[in-house]
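Visitor: Below is a structure I'd like to ask you about.
The values are calculated or read from the model by the stated rules, or taken from the named source; none is laboratory data. Computed from a prediction, not measured in an experiment: that's the story for all the values here. With ideal geometry, Cβ positions are generated from the backbone for all residues, glycine too; neighbour counts draw on all protein chains shown. The protein model used for the area step is the full one, side chains on, heavy atoms only, and it has no ligands, DNA or RNA in it. Shrake-Rupley method; radii C 1.70, N 1.55, O 1.52, S 1.80 Å.
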Amino acid sequence: MFKLIRKIEDLNSWHASNSKAIGLVPTMGNLHVGHLSLVNKSLNENSVTLVTIFVNPKQFGPNEDFAEYPRTLERDCELLKEELDKFSGKELVVFAPASTDEIYPDGFSTIISVNGISEILCGADRPGHFDGVTTVVHRLFNISKASTAYFGQKDYQQVKVIQRMVLDMGLQIDIKTLPISRDEDGLARSSRNQYLTTEARQMALTLPKTLSQIEKLLTSDSWLNSGVEINKILETSLSDKRWNYLEIKDANNLNEVTPNTNKVVILGAFKVDKTRLIDNRLVKINYA
Ligand code: AMP
């Protein structure tokens, strides 16, 4: 069964008649194969899946693309119905607030802010971004009453920030992270890819290619032995202003790599024209 809900009060009425565990997939819409892989997993694991579609103004900076962000609700619903059709006996509810007031009613004044981890990498480039994310995600966790929420590894730092919030606030929700879905040329799928011209897309491939290059060095030698080669790549890349950052961190907590680190994440943010793209690779390492 498919249902589209546009108002909080209707969502609450629906809750009153639902007794099944809910899997939540929070999105900003303009769905692609990456989003649908999360929905598919939730449909697989839960009787009821709630997909939220909300372009959250609080996570966009003043000069970012909030106004232009693609809004395609009708098409999104069609894609979700197709995904639901692959299953029998499942329920898929889309909550797409009719207006921002549904999420942030008049007088809304609470900000959920996770210190430290929200301030590095994307947080350093986009001040306040993660406060916007945690504020909306905390609210979506509450209004969805979900027991499991599905996120993409593509936004690696986002998942880490949310996991920290869940731990710190003692939220009763299980966070699951799913692999990055890529186009055939290796570019991670993103709603923002459609802003790219053919030429810009070619340039954008610098991001996954550089991550792969570093990944290869890390898998073929130890952390210490691969250091010189990797530092050369980091230095050359970062002298190119299109890179917002390119860093290797402990995959557990995004701290610096130490002798105790056994898994790292290579994270990059790369800007082509006005389009900012992010990507990452998880790699098991031997320190020495
Ligand atoms: P967004 O609509 O961009 O806020 O993304 C909603 C969810 O889909 C987030 O958990 C993202 O990490 C996830 N997502 C976006 N792109 C991809 C992708 N290429 N592969 C897997 N998950 C993704």
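Visitor: Please indicate, with yes or no, whether at least one residue in the stretch 111-124 is surrounded by 14 or more Cβ atoms within 10 Å (Cβ to Cβ) and under 25 Å from Ser37 (Cα atoms).
Guide: Yes, that holds for at least one residue.
Visitor: Does the stretch 130-188 hold any residues that are charged (D, E, K, R) and farther than 17 Å from Gly23 by Cα, and which are they?
Guide: Listed by number, the residues that qualify are Asp131, Lys154, Asp155, Lys160, Arg164, Asp168, Arg182, Asp183, Glu184, Asp185.
Visitor: Quick one: in the stretch 208-239, which of the residues that are under 25 Å from Glu184 (Cβ atoms) and of a type in the set (D, E, K, R) is most open to solvent (accessible area, probe 1.4 Å)?
Guide: Only one residue tops the list, namely Lys216.
Visitor: Identify all residues within the stretch 1-55 that are closer than 18 Å to Arg71 by Cα, more than 16 Å from the ligand (Cβ to nearest atom) and outside any loop (DSSP other than H, G, I, E, B); write none if there are none.
Guide: Once the filter is applied, which keeps residues that are closer than 18 Å to Arg71 by Cα, more than 16 Å from the ligand (Cβ to nearest atom) and outside any loop (DSSP other than H, G, I, E, B), the stretch 1-55 yields Leu4, Ile5.
Visitor: Let me ask another. Tally time: how many residues in the stretch 165-207 are under 18 Å from the mean Cα position of the chain (by Cα), open to solvent by 40 Å² or more (accessible area, probe 1.4 Å) and within 14 Å of the ligand (Cβ to nearest atom)?
Guide: Looking only at that region, the number is 8.
Visitor: Given the residues Thr49, Thr134, Thr100, which is the only one that is among the polar types (S, T, N, Q) and touching a strand residue (DSSP E or B) at 6+ places or on another chain (Cβ under 7 Å)?
Guide: Just a single option satisfies the conditions, and that option is Thr49.
Visitor: Please enumerate the residues belonging to the stretch 258-282 that are over 16 Å from the mean Cα position of the chain (by Cα), under 15 Å from Tyr156 (Cβ atoms) and surrounded by fewer than 19 Cβ atoms within 10 Å (Cβ to Cβ).
Guide: The answer is Lys263, and nothing else.
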